[in-house]
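K.L.:
My questions will all concern the structure given below.
The values are calculated or read from the model by the stated rules, or taken from the named source; none is laboratory data. Since this is a predicted model, take the numbers as computed values, not measurements. Here the Cβ positions follow ideal geometry from the backbone for every residue, glycine too, while neighbour counts run over all protein chains shown.
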Amino acid sequence: MGLIEQMGKDIVNAMKEKDQLKLSVLRMVKGAIQLENINNKKELNDELFIDVVSKQIKQRNESYEEFSKAGRSDLADKVASEIEILKGYLPEQLSSEELNKILDEVFAKVNPTSAKDMGIIMREVTSLVKGKADMKEVSNLIKDKLSNL
C-alpha cells in the first residue's frame, strides 16, 4: 500500500477516533500534496509524498524554534506533537554511522578539492538520503568534512 493511500486510511481513522490534532495535520499534508500536484504537475506517488512531508516537518521545526524563543511553550508543544505525527510517515531515518558511511563513499567518488564542490556533493548525497535524513544535518556534516580537507 502506498503512503498516500495509508494517509487516506489514517484520516478516516482519526475522524472515527476524534483525534483532532492528527486529523488537522493529515488534512494539511493532503492539501499540500494536492497543491504540489496541481501547481507543479507532479505525479501523485510516494516520492512526492515524502517531499511534501519533509517540507512540512522543516516548516514546523522552524516554527518550533521561533515559539521556543518567544517563550510560547504551549504552541511549541503543539508543533512538536505535529512533527511526531509527520515523522511517522517518513522512511526509517539513517543512523549517524550509516550517514557518515554514505558521505565517505560520495567523497571518495567526487574527490572534492575545496568548499566550492559543496553543490556537487549535495546533489550526489541528496539522491541517496532524501527523506531518510535531515538535510540540514547532512549539509552541516558535508561542510565539516570539506573544511577538514
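K.L.:
Condition first: in a helix (DSSP H, G or I) and among the aliphatic types (A, V, I, L, M). Now tell me which residues in segment 20-48 satisfy that.
P.N.:
Those that are in a helix (DSSP H, G or I) and among the aliphatic types (A, V, I, L, M): 21, 23, 25, 26, 28, 29, 32, 33, 35, 38, 48.
K.L.:
Please find, within segment 133-144, the residue that is surrounded by the most Cβ atoms within 10 Å (Cβ to Cβ) out of those that are at pLDDT 85 or above and not hydrophobic (A, V, I, L, M, F, W, C).
P.N.:
139
K.L.:
Taking the stated definitions as given, is residue 110 loosely packed, with under 15 Cβ neighbours inside 10 Å, on the phi < 0 side of the Ramachandran plot and either more than 20 Å from the chain's Cα centre (by Cα) or touching a residue at least 60 places away in the same chain (Cβ under 8 Å) (or both)?
P.N.:
Values: loosely packed, with under 15 Cβ neighbours inside 10 Å: yes; on the phi < 0 side of the Ramachandran plot: yes; either more than 20 Å from the chain's Cα centre (by Cα) or touching a residue at least 60 places away in the same chain (Cβ under 8 Å) (or both): yes.
Considered against the rule, which asks whether it is loosely packed, with under 15 Cβ neighbours inside 10 Å, on the phi < 0 side of the Ramachandran plot and either more than 20 Å from the chain's Cα centre (by Cα) or touching a residue at least 60 places away in the same chain (Cβ under 8 Å) (or both), residue 110 comes out as yes.
K.L.:
Yes or no: residue 55 buried (at least 16 other Cβ atoms within 10 Å of the Cβ), among the basic types (Lys, Arg) and outside any loop (DSSP other than H, G, I, E, B)? Give the steps one after another, and end with the answer.
P.N.:
On the way: buried (at least 16 other Cβ atoms within 10 Å of the Cβ): no; among the basic types (Lys, Arg): yes; outside any loop (DSSP other than H, G, I, E, B): yes.
It is false that residue 55 is buried (at least 16 other Cβ atoms within 10 Å of the Cβ), among the basic types (Lys, Arg) and outside any loop (DSSP other than H, G, I, E, B).
K.L.:
Only one of (1) surrounded by fewer than 15 Cβ atoms within 10 Å (Cβ to Cβ); (2) within 18 Å of the chain's Cα centre (by Cα) fails for residue 73. Which number is that?
P.N.:
Answer for residue 73: the failing condition is (2).
K.L.:
Can you tell which of 94, 86, 90 is more than 18 Å from residue 25 (Cβ to Cβ), within 16 Å of the chain's Cα centre (by Cα), surrounded by 16 or more Cβ atoms within 10 Å (Cβ to Cβ) and in contact (Cβ under 8 Å) with a residue 24 or more places away in the chain?
P.N.:
Numbers: 86 fails: more than 18 Å from residue 25 (Cβ to Cβ); 90 fails: more than 18 Å from residue 25 (Cβ to Cβ).
Every option except 94 fails the conditions.
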